[in-house]
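Colleague: Sharing a structure here in structure tokens format.
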Amino acid sequence: MIKYFPQTNTFHLYNEQISYVLTVLKNGHLGHLYFGEKVSEHVQPEWFRYALFRPLTACVYEDDPFFSLEHERLEYPNFGTTDFREPAFRIRQENGSAVSDFKYITHRIVEGKPMPKGLPASYVSKSSEAQTLEIDMIDSVADLKLTLYYTIFSDLAVVTRRVEIVNEGQQIQTIEKAMSMSVDLSPGTYERVHLWGAWSRERHLERTPLSKGVQSIGSTRGCSSPDHNPFIAIAEPSATEHSGAVYGFSLIYSGNFIASTQVNYDNVPRVMMGIHPNGFEWVLGAGERFQTPEAVMTYSSMGLNGMSQAFHKLVKNHLTRGEWVKNPRPILLNNWEATYFDFTEDKIVELATEAKRLGVELFVLDDGWFGKRNDDTSSLGDWFVNLDKLPNGIKGLSKRVSELGIRFGLWFEPEMINKVSQLYEKHPEWLIGDPSRHLSNGRNQYVLDFTRKEVVDHIFKSMCQVIDNTEISYIKWDMNRHITEAYSTALPANQQGELYHRYILGVYDLYDRLIERYPHILFESCASGGGRFDLGMFYYAPQAWTSDDTDAIERLKIQYGSSMLYPLSAMGSHVSAVPNHQVNRATSLKTRAEVAYFGTFGYELDVTKMSDEDKLEMQSQIEFFKEHRNLIHHGEFSRLTGPFDGDSNRTAWMVVNAQKTEALLGLYKVMAEPNTGVKSFKLRGLDPNRMYDVTGYDTPVSGRVLMNYGILDIPSFTGAHLIEDRPVGDYQSHVIKIKAVD
Ligand code: GLA
């Protein structure tokens with residue numbers, strides 16, 4: 001998978017699908033040659049370079065007017081020499097200079113994938129699943145070493161990258177910027193796809209031309225945030241969902257990030273991803289090492305869907321861990337939208353009893369069970385039960401719920417503190433914030449200083465005290481406030497720039513400790529909905545609450561956008577009450593479930609208040625999901641058309657199992673239109689040579705016909721209905737089962 005050509009000092013990383021080629025340039029820096037569809041093993045570096053004489057160019061050597069880094073495509077560009085584009089890193093030395101000149105020294109090709117410590121990263125189960133190239137680069141003036149890690153997976157169109165910086169000298173170095181990856185793609189015209197959003201409107205898709213100069217998305221909120229997801233795709237303008245060249249980039253990280261592109265006059269796009277340099281600085285003392293988060297790069301010649309499928313496989317097979325990777329994810333009932341803060345033990349047991357009767361497998365008690373919490377003004381940090389509400393404690397409640405034959409799950413918000421809390425009275429210094437300044441307000445709560453080990457220790461201990469005494473098998477880990485006035489009273493003045501990164505390392509540390517102690521607990525991450533929905537989180541929590549917006553129609557957009565890189569098994573999706581609590585829209589129970597099926601599936605409403613008819617429907621929905629959950633969570637997902645495409649009124653997506661014997665198709669039409677033209681959707685991923693039974697059709701049809709002619713859309717009102725039926729109305733959905741005839 002990784003070949004080194006000593007004559008040209010060139011490396012070729014490849015598998016059956018992709019090639020990634022880099023070379024050592026004349027001055028020892030690393031040049032990028034090619035990333036894309038697999039090419040023949042032997043590559044000639046000169047083919048990919050375009051050294052030209054140009055006036056005004058700063059050249060590396062006096063006697064070579066053709067060699068300037070400005071005209072090279074680079075791998076991890078230095079600051080301060082002949083390349084004037086954005087550098088991948090900047091390290092300030094004691095004399096104040098940030099100029100660097102890292103040169104290739106040596107490399108190693110190792111089987112498998114070495115893992116970083118304390119950071120999430122993709123992994124392999126067997127060393128034959130990947131190979132890793134480690135390249136050491138030295139700046140002999142600053143006495144610094146860079147090790148660049150490149151891993152290629154044997155069966156996935158994915159290369160991952162990360163960097164380690166080691167201070168091998170005696171002086172103190174300050175890292176001002178350290179991207180996880182940088183690559184100068186082949187010259188050309190491209191478009192940029194990214195996922196922007198806000199609370200309740202996460203991961204909406206935007207596709208715009210990639211323009212000259214610098215464009216970037218990112219977060220400086222202390223978490224990956226709903227504003228922009230840590231993801232960009234660079235697509236050829238002709239690329240569609242199913243064809244054309246698309247590069248996808250993401251970061252396995254949950255803190256501040258930047259994803260930037262810079263297109264120069266040669267039409268070469270430089271793509272970079274890493275920790276956002278705003279607010280970041282890291283002091284590297286003698287002998288110390290800094291490791292960047294890992295970046296993921298994919299290439300697809302099969303459009304955006306091809307890219308998404310590579311990301312989905314990475315998440316499912318090489319990122320999420322533990323028994324919940326394979327175990328069926330439980331269908332849950334969460335009490336948040338059913339009761340908010342207003343519940344008693346009996347009400348909870350009543351909800352759980354009815355839920356169990358209807359087939360639900362897990363009951364989740366959300367916010368409001370601890371301290372004196374009856375609204376969002378108090379008690380975060382006081383992780384002991386509110387005995388006024390729950391007189392028998394979590395222990396007694398979880399016992400009652402478990403005795404019903406249903407699992408019990410609990411909500412925590414471990415990273416936060418209210419000023420109205422016992423914890424704050426004892427430890428006001430545990431808040432993030434400069435004590436000499438006014439502290440901004442966010443949901444009446446403040447962020448705990450997770451850069452301090454004693455804070456993480458304390459929260460770990462108090463969570464264990466709750467968990468150890470109960471029968472908890474699921475935790476919803478929420479995070480509802482961003483970092484302002486970033487300052488830690490525990491860090492020295494010159495290390496304040498380390499706060500954001502150290503904070504998120506503290507979050508990962510707490511996750512690690514809890515997972516190690518409670519390997520059977522299923523974690524679902526949450527951040528006011530999907531506000532920290534990133535590859536970093538999925539290393540710890542196999543699923544995440546996709547959005548606080550539970551309206552089925554809004555969810556079409558959110559789930560469609562999320563599917564760009566996250567698999568269905570990662571997306572928390574619940575059926576909630578109507579009129580919907582976020583948009584006041586009324587959709588049918590059928591449509592609500594048929595959107596939520598394409599996720600982890602559950603309910604978030606007061607089941608005791610449902611009509612008997614709805615309860616029967618809910619029961620059969622649960623049976624349906626149990627029957628198909630394996631297909632939904634482990635099959636291959638494809639988007640057929642969606643809310644961000646030309647016809648925003650329609651969404652269609654499907655999932656096919658590995659044997660191509662079973663598929664589910666979801667069709668959604670937002671607004672009813674009378675007498676529309678006939679429309680069909682071409683299916684994906686089926687076996688062209690098999691015959692399939694399709695729900696609603698009497699005779700079997702071949703995979704070839706389903707994929708080349710397609711299946712007809714939800715019918716519109718054409719007048720013929722007048723004879724027997726009424727028009728169907730808005731917010732229609734159909735989930736259609738496709739099953740191979742034996
Ligand atoms: C956040 C979550 C919700 C719910 C509330 C509780 O908004 O996203 O699902 O847990 O907090 O306060």
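Colleague: Looking at the structure I just gave you, is Tyr503 within 16 Å of the ligand (Cβ to nearest atom), among the hydroxyl-bearing types (Ser, Thr, Tyr) and at pLDDT 95 or above? Even if it seems obvious, please write down each step before you answer.
Modeller: Details: within 16 Å of the ligand (Cβ to nearest atom): no; among the hydroxyl-bearing types (Ser, Thr, Tyr): yes; at pLDDT 95 or above: yes.
Spelling it out, it is not the case that Tyr503 is within 16 Å of the ligand (Cβ to nearest atom), among the hydroxyl-bearing types (Ser, Thr, Tyr) and at pLDDT 95 or above.
Colleague: How many of the residues making up the range 520-544 are of a type outside the set (Ser, Thr, Tyr), assigned to a loop (DSSP other than H, G, I, E, B) and within 14 Å of the ligand (Cβ to nearest atom)?
Modeller: Step one: filter the range 520-544 for residues of a type outside the set (Ser, Thr, Tyr), giving 520-524, 526-527, 529-538, 541-544.
If we keep only those that are assigned to a loop (DSSP other than H, G, I, E, B) too, we end up with 520-521, 526, 529, 531-534, 541-542.
From the residues that got through so far, the ones that are within 14 Å of the ligand (Cβ to nearest atom) too are 526, 529, 531-533, 541.
Total meeting the criteria: 6.
Let's see how each residue does on (1) of a type in the set (A, V, I, L, M, F, W, C); (2) in a helix (DSSP H, G or I); (3) under 27 Å from the mean Cα position of the chain (by Cα):
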site: Ser648; (1), (2), (3): no, no, yes
site: Leu683; (1), (2), (3): yes, no, yes
site: Tyr692; (1), (2), (3): no, no, no
site: Arg704; (1), (2), (3): no, yes, no
site: Gly729; (1), (2), (3): no, no, no
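Colleague: So if I check each of Asp83, Asp64, which one is part of a loop (DSSP other than H, G, I, E, B), at negative phi and buried (at least 19 other Cβ atoms within 10 Å of the Cβ)?
Modeller: On the way: Asp64 fails: buried (at least 19 other Cβ atoms within 10 Å of the Cβ).
Being part of a loop (DSSP other than H, G, I, E, B), at negative phi and buried (at least 19 other Cβ atoms within 10 Å of the Cβ) holds for just one of Asp83, Asp64, which is Asp83.
Colleague: Still on this structure, I have one more. Scan the range 340-350 for residues that are surrounded by fewer than 19 Cβ atoms within 10 Å (Cβ to Cβ) and either within 16 Å of the ligand (Cβ to nearest atom) or hydrophobic (A, V, I, L, M, F, W, C) (or both) and jot them down.
Modeller: Tyr340, Phe341, Asp342, Val349
Colleague: For Gly396, work out the one condition from (1) in a loop (DSSP other than H, G, I, E, B); (2) away from the ligand (no atom under 16 Å from the Cβ); (3) under 15 Å from Trp369 (Cα atoms); (4) not β-branched (Val, Ile, Thr) it doesn't fulfil.
Modeller: (1)
Colleague: If you scan the range 545-569, which residues turn out to be among the small types (Gly, Ala, Ser), part of a helix (DSSP H, G or I) and within 16 Å of the ligand (Cβ to nearest atom)?
Modeller: Just the residues of the range 545-569 that are among the small types (Gly, Ala, Ser), to begin with: 547, 552, 561-563, 569.
Keeping just the survivors that are part of a helix (DSSP H, G or I) gives 552, 561-562, 569.
Once the filter is applied, which keeps residues that are among the small types (Gly, Ala, Ser), part of a helix (DSSP H, G or I) and within 16 Å of the ligand (Cβ to nearest atom), the range 545-569 yields only Ser562.
Colleague: Continuing with this model, one more query. Picking from Leu210, Leu185, which residue would you name as being buried (at least 19 other Cβ atoms within 10 Å of the Cβ) and closer than 29 Å to Gly530 by Cα?
Modeller: On the way: Leu185 fails: closer than 29 Å to Gly530 by Cα.
Sole residue among the options that is buried (at least 19 other Cβ atoms within 10 Å of the Cβ) and closer than 29 Å to Gly530 by Cα: Leu210.
Colleague: Could I ask something else about it? Of all the residues that make up the range 507-519, how many are assigned to a helix (DSSP H, G or I) and either surrounded by fewer than 20 Cβ atoms within 10 Å (Cβ to Cβ) or within 16 Å of the ligand (Cβ to nearest atom) (or both)? Quick ask: steps written out before the conclusion?
Modeller: Quick first cut of the range 507-519, residues assigned to a helix (DSSP H, G or I) only: 507-517.
Subsequent filtering for residues that are either surrounded by fewer than 20 Cβ atoms within 10 Å (Cβ to Cβ) or within 16 Å of the ligand (Cβ to nearest atom) (or both) retains 509, 512-513, 515-517.
Residues flagged as assigned to a helix (DSSP H, G or I) and either surrounded by fewer than 20 Cβ atoms within 10 Å (Cβ to Cβ) or within 16 Å of the ligand (Cβ to nearest atom) (or both) within the range 507-519 amount to 6.
Colleague: Looking at the range 351-393, which of its residues are within 12 Å of the ligand (Cβ to nearest atom), buried (at least 19 other Cβ atoms within 10 Å of the Cβ) and part of a loop (DSSP other than H, G, I, E, B)?
Modeller: Passing the criteria: Asp366, Asp367, Gly368, Trp369, Arg373, Ser379, Leu380.
Colleague: For the range 616-634: of the residues being touching a Lys or Arg at 6+ places or on another chain (Cβ under 9 Å) and more than 14 Å from Ile736 (Cα to Cα), which is surrounded by the fewest Cβ atoms within 10 Å (Cβ to Cβ)?
Modeller: Across the range 616-634, the extreme among qualifying residues is Gln619.
Colleague: Same structure again: Can you tell me which residue is nearest to Asn418 (Cα to Cα) among those in the range 446-479 that are within 16 Å of the ligand (Cβ to nearest atom) and not aliphatic (A, V, I, L, M)?
Modeller: Checking each candidate, the answer is Tyr446.
Colleague: Also, quick follow-up: Quick check on this structure: which one of Leu332, Leu314 is hydrophobic (A, V, I, L, M, F, W, C), within 16 Å of the ligand (Cβ to nearest atom) and surrounded by 23 or more Cβ atoms within 10 Å (Cβ to Cβ)? Spell out the reasoning first.
Modeller: Working: Leu314 fails: within 16 Å of the ligand (Cβ to nearest atom).
Just a single option satisfies the conditions, and that option is Leu332.
Colleague: Applying the selection to the range 424-445, what residues are buried (at least 18 other Cβ atoms within 10 Å of the Cβ) and either within 16 Å of the ligand (Cβ to nearest atom) or more than 23 Å from Gly531 (Cβ to Cβ) (or both)?
Modeller: The first filter runs over the range 424-445 and keeps only residues buried (at least 18 other Cβ atoms within 10 Å of the Cβ), leaving 424, 427, 430-433, 445.
If the condition is that a residue be buried (at least 18 other Cβ atoms within 10 Å of the Cβ) and either within 16 Å of the ligand (Cβ to nearest atom) or more than 23 Å from Gly531 (Cβ to Cβ) (or both), then Tyr424, His427, Gln445 are the ones that fit.
The values are calculated or read from the model by the stated rules, or taken from the named source; none is laboratory data. All values derive from a computational prediction rather than experimental measurement. Cβ sites come from the backbone with ideal geometry, for glycine too, and all protein chains shown count toward neighbours.
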